[in-house]
Amino acid sequence: MRNQRKLLYLLALFALLGVTELRARAQGNYEIQVYGSDTVAPKSTMVELHSNFTPEGSKKTDDGTYPTNHQLHETLEITQGINSWSEVGFYLFTSWQDGHGVQWVGDHIRPRVRVPDSWHWPVGVSLSTEVGYQRSQYSPDTWTWEIRPIVDKSIGRWYFAVNPALERTWHGPDTNQGVGFAPAAKIGYDFTRKVSGGFEYYGNFGRVWSFSALHDQQQQIFAVTDLNVSPKWELNFGVGLGSTAATDHVILKAIVGRRFNWGKHSTID
Amino acid sequence: MASALETLPAISETTSDYSLTIAPYSLEISPRRFIKTVAYNGQIPGPLLRLKEGVPVTIAVTNHSGDDEIVHWHGLFLPPEIDGAMEEGTPHIASDSSASYTFTPAPAGFRWYHTHTFAGRDLRKGLYSGQYGFLMVEPRDNPARYDQEFFLALHDWGASMVASDDGSVSAVYDSSTINGKTLGFGEPLRVKQGQRVMLHIVNTSATEPHWLAMAGHQLRVIALDGNPVPAPRAVSMLRLSPAERICVEVEMNNPGVWVLGEVRKHIMATGMGIVVEYGGRTGKPVWQQPQSLDWDYLWFASPARQEKPSGSLNVTTIPLTFESKFLGHGAMDRWMINGRSFPETETVALREGQRYRLIFRNKSMDDHPVHLHRHTFELRRLAGKETRGILKDTLLVSAGTEAEVEFTADRPGLSLFHCHQQDHMDMGFMMLFQCS
């Protein structure tokens, strides 16, 4: 009961912060992932490398940022499990590009809580909030905040997840734009115990109460595969197509994750 | 053996030795924490049925649960029409109906009774519910060598199906109890210094094996599944897979207030424990945490001697291979015996009087507590080691291992064989033997 109350307070706090403090941001292609509701177990750390390459992106920009064409983004994500219903993640963003070399882009921190199994909800639910900085050469909005509700469900071989994220900029040209809406969703199918495939959707509609014109929105669909080769490994690969002028036209992505268990894990734990 | 099954419109108390009423029940497992379930006679565990070997008994069962129900008399040698499995031909008891069962109890020993219905995705039905109770068949000549006895039932409540490491889903539980109470909430086991206490323990969990230890004491195992073992031995802990029973003697020679509980910390934390209190002793119950899980059936086998190679002496072998079929990360696996799921599994014909050896090959990633109805079998080979003398009706076949048991087909009719994990049974891990 104490844990349930603590979790409710956290959920309420996140919701309150989301209403009062969120600011919009433009999101780069550093971490392309639809979140599932599960969290990393306590005494465990998940280390993930997100590799995103843009074969066909913007060749020039007018907001002072570097063009995305042929950029390789390498993002290191380290997520530490706190208890059975919470975790905190850290991100280190980098960009590799001809003419610019390897550049540090920024860092984020992302605490997350989820509804425990003991609540017996029919769907998995969690809530993450992410705050961080990115250099202005890579994003005009340098300080940003995101709040991301996560709902998912496995039904037989099918998997469904939605992440209707809200974004807000703390520092940058979009500071006064209010709350932005950047939903993501995933549908997957288990072909075998180890191989799943499906589609992921990523969008950025602009302001919540006043969506941008379609050509200014970001709309991407990825064909993806997840390889469940071991409980210790997370492997996700995909190719994405952007359908609007504001979206990079082709992106290749890969997530390679490895879970590490810390401390003494004996059979009696 | 005399037996009879009669469906009655109503039960007359005067014609039955025991009556069981199946009805919804709210169980308080800890202060102000209630589990809504179904129970026998408004209590969990159900009433202790103490029967005498060879003396006919009549048990009346009335069902007010709202669903069809059936009671399985686990470990008894009963005809298929009253054994308590619809697959064998025992009729179910419709809601607001009654049935009466008359039989001559055998074999002697610690048995139990429980529901034998399908649960599927309803994780409050079947063995997930509170429908379980103790059944003791007293031997004709009772060599009672103990001063006091206790009956203990281990159970888990509030199941959720969550993703597991093998890529499927498996049950996890909110709470775990002994005799329906979490640690510290129920009455302690009150003992006196110098007593020899007998504990009859059954794991009634739908899916979860349990490890038990009593702080400050050794547990001398004298019977497995109610059948005396050839080599009683004192151990520091017990392992009981679902449906298994263990009878242990405990010398009460360490006065104090102790905990008898689950060895694994996360299960103890959800409540599985009971206080053992010596007369005149008070204070906080003491728990001594073991650092490993130790158990081997073969500790209790006949004293070591050179065994003849298995498979000799006119024994017919029946290989049974256990495998699963993946149905998605959001589904329970489909279970198969020799490549088929029940009811498509082969019904194997047995010749009455013939000795059979079942060769269990568990090629899956899960352990399976397999149970043979209406028979006792002898463990003959486990993980490559020959053995003799251990008589059981439920055996845990660990993932990726083999085990062999022998029994004589001496009970005509259908006998059900299945994994006692409710989710495995529901997903096809069953087959029938037909003896004629």
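Of the residues B:HIS329, B:HIS418, the one with the fewest other Cβ atoms within 10 Å heads the list, and the complete ranking is B:HIS329, B:HIS418.
Evaluating 6.51 cos²θ - 1.76 cosθ + 1.60 at θ = phi - 60° for every residue in segment A:112-128, the Karplus couplings come out as 8, 10, 9, 6, x, 4, 5, 7, 6, 6, x, 10, x, 9, 8, 9, 10 Hz, glycine and proline recorded as x. Considering Cα pairs under 8 angstrom that are at least six residues apart, work out the relative contact order of segment B:148-294 and quote it in whole percent. For segment B:148-294, the relative contact order is 28 percent. Across chain A, the longest piece that holds none of the trypsin sites (Lys or Arg not before Pro) lying in DSSP loops with up to 11 other C-beta atoms within 10 Å covers A:61-263. Determine the shape class of segment A:175-220: with a ≥ b ≥ c the square roots of the Cα gyration tensor eigenvalues, call it rounded for a/c under 1.5, and otherwise prolate if a/b is greater than b/c, oblate otherwise. The shape class here is prolate. In terms of surrounding Cβ atoms within a 10 Å radius of their Cβ, B:SER129, A:SER118 rank from fewest to most as A:SER118, B:SER129. Suppose we flag chymotrypsin sites (Phe, Trp or Tyr not before Pro) only when DSSP calls them loop and at most 16 other Cβ atoms lie within 10 Å. Which is the longest uninterrupted stretch of chain A? Between the exposed loop sites, the longest stretch runs A:1-190. Across chain B, C-alpha contacts under 8 Å between residues 6 or more apart give a mean separation that, scaled by the residue count, equals a relative contact order of 14 percent.
Each residue, A:TRP119 and A:LEU49, gets one label point 7 Å from its Cα in the Cβ direction; the gap between the two is 3.6 nm. For chain B, the mean residue ellipticity at 222 nm estimated from helices alone is -500 deg cm²/dmol, where every DSSP H run of n ≥ 4 contributes -39500 (n - 2.57) and the total is divided by all residues, rounded to the nearest 500. Is segment B:168-223 best put as rounded, prolate or oblate by its Cα gyration tensor, with a ≥ b ≥ c the root eigenvalues, rounded for a/c under 1.5, and otherwise prolate when a/b is larger than b/c, oblate when not? Verdict is prolate for segment B:168-223. Each residue of segment B:334-343 was assigned a 3J(HN,Hα) from its phi angle through the Karplus expression (A = 6.51, B = -1.76, C = 1.60, θ = phi - 60°), giving 7, 9, 9, 10, 6, x, 10, 9, 5, x Hz with x at Gly and Pro. According to the square roots a ≥ b ≥ c of the eigenvalues of the Cα gyration tensor, what is the shape class of segment B:315-435, taking rounded for a/c under 1.5, prolate for a/b larger than b/c otherwise, and oblate for the remainder? It is oblate, given that a/c is not under 1.5 and a/b is not larger than b/c. With contacts taken as Cα pairs under 8 Å and at least 6 residues apart, segment A:2-261 reaches a relative contact order of 19 percent. Take each residue of peptide B:328-334, count the partner chain Cβ atoms within 10 Å of its Cβ, and average: the result is 6.
Taking 20 °C and 1.002 mPa s as the conditions, I'd like the Stokes-Einstein D for chain A in µm²/s, using the Kirkwood hydrodynamic radius from alpha carbon pairs.
It comes out at roughly 111 µm²/s.
Between B:GLU138 and B:ALA163, take the C-beta separation as r, use R0 = 41 Å, and let me know the FRET efficiency to the nearest 0.05. Calculated value: 0.30.
Amide hydrogen proximity for A:GLY156: with H placed 1.01 Å from N in the peptide plane, the residues at 5 or more positions away or on another chain lying under 5 Å are B:GLY330, B:ALA331. Highest mean first, the peptides B:177-185, B:72-80 sorted by other C-beta atoms within 10 Å per residue fall in the order B:72-80, B:177-185. From the Kirkwood radius over Cα pairs of segment A:34-102, Stokes-Einstein at 4 °C and 1.567 mPa s returns a whole-number translational diffusion coefficient of 92 µm²/s. Spin-label model, A:HIS265 to B:ASP67: label points 7 Å out along the Cα-to-beta-carbon direction sit 3.5 nm apart. Spread over its residues, the convex hull of the C-alpha atoms of segment B:3-138 is 106 Å³ per residue.
The mean count of C-beta atoms from other chains within 10 Å of the C-beta of residues in B:371-384, rounded to a whole number, is 0. Above 33 Å, the calculated P(r) of chain B contains 32 percent of its Cα-Cα pairs. For segment A:115-162, would you read off the P(r) tail past 17 Å as a percentage of all alpha carbon pairs? I get 55 percent for the Cα pairs in segment A:115-162 exceeding 17 Å.
The Kirkwood radius of the protein assembly as shown, taken over pairs of alpha-carbon atoms, gives through the Stokes-Einstein law at 10 °C and 1.306 mPa s a diffusion coefficient of 55 µm² s⁻¹.
All C-alpha to C-alpha distances of segment B:223-356, sorted into 10 Å bins beginning at zero, yield P(r) values of 8, 21, 28, 22, 15, 6, 0 percent in whole numbers.
Estimated from helical segments only, the mean residue ellipticity of chain A at 222 nm is -2500 deg cm²/dmol, where each DSSP H run of four or more residues counts as -39500 (n - 2.57). Each residue, A:HIS100 and B:ASP122, gets one label point 7 Å from its Cα in the Cβ direction; the gap between the two is 6.0 nm.
Computed extension length for B:THR15-B:SER292: 94.6 nm, one decimal, from 0.36 nm per residue of separation with the Cα-Cα distance subtracted. Residue by residue along B:160-170, Cβ atoms of other protein chains within 10 Å of the local Cβ number 3 on average. Over the Cα atoms of segment B:148-294, the radius of gyration divided by the Kirkwood radius equals 0.98; this is the Rg/Rh ratio.
Where a number appears in this text, it was derived from the coordinates with a stated rule and is not lab data. It should be emphasised that the depicted structure is a prediction, and the values quoted were computed from it without experimental measurement. Every residue, glycine as well, gets a Cβ built from its backbone with ideal geometry; the counts of neighbours run over all protein chains shown.
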